[in-house]
1. What pairs come up if the first residue lies in the stretch 285-312 and is at positive phi, the second is acidic (D, E) and assigned to a loop (DSSP other than H, G, I, E, B), and their beta carbons are under 9 Å apart, counting only those six or more places apart or on different chains?
2. When you scan the stretch 298-318, do you find a residue that is among the small types (G, A, S) and under 30 Å from G638 (Cβ atoms), even just one?
3. Here are some residues: Q387, Q325. Which one is open to solvent by less than 50 Å² (accessible area, probe 1.4 Å), under 31 Å from the mean Cα position of the chain (by Cα), within 23 Å of D282 (Cα to Cα) and at pLDDT 95 or above?
4. Within the bounds of the stretch 487-494, is there any residue that is open to solvent by less than 30 Å² (accessible area, probe 1.4 Å) and free of Cβ contacts under 8 Å to residues at least 24 places away in the same chain?
5. Can you pull out every residue in the stretch 328-347 that is within 23 Å of V287 (Cα to Cα) and either open to solvent by 40 Å² or more (accessible area, probe 1.4 Å) or among the acidic types (D, E) (or both)?
6. Which one of the conditions (1) closer than 29 Å to T421 by Cα; (2) out of contact with any Gly (no Cβ under 9 Å at 6 or more places or on another chain); (3) open to solvent by 50 Å² or more (accessible area, probe 1.4 Å) does E570 fail to meet, given that it meets all the rest?
7. Please list, ordered by residue number, the strands (runs of 3 or more DSSP E) wholly in the stretch 593-662 having 2 or more residues that are open to solvent by 10 Å² or more (accessible area, probe 1.4 Å) and more than 30 Å from P318 (Cβ to Cβ).
8. Which condition number does S218 fail, the rest of (1) of a type in the set (S, T, Y); (2) in a loop (DSSP other than H, G, I, E, B); (3) open to solvent by less than 20 Å² (accessible area, probe 1.4 Å) being met?
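The values are calculated or read from the model by the stated rules, or taken from the named source; none is laboratory data. Being a predicted model, the structure only gives us computed values, none of them experimental. So basically every Cβ, Gly included, is an ideal-geometry build from the backbone, and we count neighbours across all protein chains shown. For accessibility, only protein heavy atoms count, side chains too; no ligands or nucleic acids. Shrake-Rupley method; radii C 1.70, N 1.55, O 1.52, S 1.80 Å.
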Amino acid sequence: MSVVSGVLLAGVALPAAGGIGLAAKGTAEGFDDIPDDFKTPPLTQATQIFDAKGGLIAKVYERDRTVLTADQMSPFMRQAQVDIEDARFYEHGAVDLKGILRAVGKNAESGTASQGASTLTQQYVKNVNVENAGDDHDAVLEAQRKTLGRKIQELKVAIKLEEELPKDQILTNYLNITFYGNGAYGVEAASQRYFGKNNKDLTIAEAATLAGLVQNPSQYDPKLHPVAAQKRRDTVIDKMLENKHITADQAKEAKAAPLGLNYRDPQNGCITAKAGMGFFCDYVRHVVKQDPAFGKSAEERKKLWNTGGLNIYTTLDPDKQAAAQDAVSSKVRVTDTVSAAATMVEPGTGKILAMAQTRPYGLVKEKNQTVVNLNVDAAMGGGNGFQPGSTFKPIVAAAALEAGLSPTQEYSSPNSLEYPTMTTCEGTWKNEGRPKTVVPNESAREKGPYQLKEAMALSVNTYFVQMEQEIGLCAVKQMANKLGITTKASGKPLEEVPAMALGVEEMSPLTMANVYATFAAEGTYCSPIAINKITTVEGKDVPVPAGHCEKAFSEKTAQALNTVLNGVTENSGTGAALNLEDNRQIAGKTGTSDRKRAAWFNGYTPQLATAVWLGGPAGGVEMRDITINGKYHTEVFGADGPGPIWRDAMNQALRGAPKQSLPMADIPDPAPRSDPGKAGTGTGSPSTTPSGSQH
């Protein structure tokens, strides 16, 4: 053993000499300039996600670690770790010759390798190599291999490190990188895990408990092996006394103390988020990993998220989140065959204020949990979306008003209509089916002529198809694009087909909430944003995606839309039963898809836009003869399914907020009719292929 230790030291001094030198040369040369990774290693840390009021939503990490400075650490912790791991740390260099000779002698006497001779600096270098290996299992094993070449490499780095960093900084780095068991990396995470307190607040006994873990975190786990942990703790306390870093009375008191654990299970990921916030948390994760603001490449963005150490301050309003979650949960049970989802957006900013759904966030199917965010597009962790039905009709109206049509525009609006030929951005759409595709109105009594105001209130299908024919499908598609609808929720391109006016192309609640927020903001579209600010744990700002707002249509068009959509919620409109408790002014639109597979109500006030969807999570549940929340429904429509959810959510979210009026236009009512059409209760299914729905 003496010979081996001599050769080892010779290998450090003479890396090119002999077989050992050749083995070490490839791994050790190039350390004349020590890599920055060893001076200030880019340690993975926990990222914390906060709501708009500073409440913690969740903590996410690859490794649970919070990096501390020396003055943020307990002096007891620093001293205990040195005393048990490397008592002569402040006396020797990177290599402790006395320690090597002592270990060689002890191991020779016992016939085992029971005592090591690595200095704390050498252990730190090894930990950096393991940290840099990340989750690559083979790389981790390589970093831990006990070969002579690797030992020489670690020694050479340790020697250079001690030339360039003060001892106190090396110790601080060591205490931040070391593994303390149970998923805790570094002394702060360990202090929180085992004692539920900050490291700087540890007692001598608690600090000694943690310091003793480093040698073997499993064997001395105080949760699983309290007797072994306490015996190891007392050994550390004896070392602190032996080295005169505590008094005999302090040692006696510390050894008499119980372990005093206040153990906290690791809380990692969006699954630990407060009730109902897991899906928004997951949405934030997708934003960070996809938005170029967080890195030019996917790899850079992934590294930013995985390295962690971020404080992410989001737009989520906890009060409005509670309002949305309470509303969906009180009207639809987790065990129902259908689910509900609601998104709230602030008009004029695009801030996502709430994102709730009935099914809880999680992986246990037996508890009806899911990780599919029903509020967002597939690319952001959602599904393929749902047909928005007649909630798409205001987009057609916006395109028509921008094209110069009058808000009193009248069409014959027959009870049923063969889809007419229409222009598209690339050419012409023709109804070439045999038989030709027909679009009906909701009931036999719905037949024109109608003007826009009444047609929107009653959700007359044929009216909007005729409007679509006049302005062309390209105008509708372009307006949808301006409102943030560039694809379907699945990511597939929008199709220029006449049935798009009836909402047959699947959308997510977030997309539709943002469309209606644009209506509320007098035509100003803002891309949805989830993040207000990000800082590192050091307090440095990280650039976040800037909110992008631009005019989608004129204020004149917005005022006309407000008036028309306000009419939906009054008198004989399909949403007339959805007035809020304080009678504040609202506007909105009901929607029901083909075969009652999805029902919507999207509505707004000047301060808040909310979209609510109800249906089967995979889109395949026909809501006829169905029981929801213990209540039987012959059929489900936008007004009686999602409508009450919207009303409850908005009532709670706006309680105490000042009443504001929507800018309105003066649109005269049409002349009285002898037999006005009324909203019926039929399905309105077309005679051939599905066309979308109406109410």
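1. G308/E62; G309/E538
2. So far as the stretch 298-318 goes, no, none of its residues is among the small types (G, A, S) and under 30 Å from G638 (Cβ atoms).
3. Working: Q387 fails: within 23 Å of D282 (Cα to Cα).
So the residue among Q387, Q325 that is open to solvent by less than 50 Å² (accessible area, probe 1.4 Å), under 31 Å from the mean Cα position of the chain (by Cα), within 23 Å of D282 (Cα to Cα) and at pLDDT 95 or above is Q325.
4. First pass over the stretch 487-494, keeping only residues open to solvent by less than 30 Å² (accessible area, probe 1.4 Å): 488-489, 494.
With free of Cβ contacts under 8 Å to residues at least 24 places away in the same chain added as a condition, the list becomes 494.
Yes, because at least one residue in the stretch 487-494 is open to solvent by less than 30 Å² (accessible area, probe 1.4 Å) and free of Cβ contacts under 8 Å to residues at least 24 places away in the same chain.
5. E346
6. (1)
7. On the way: elements: 598-604, 609-615, 624-628, 631-635.
So the answer is 624-628, 631-635.
8. Among (1) of a type in the set (S, T, Y); (2) in a loop (DSSP other than H, G, I, E, B); (3) open to solvent by less than 20 Å² (accessible area, probe 1.4 Å), the lone unmet condition for S218 is (3).
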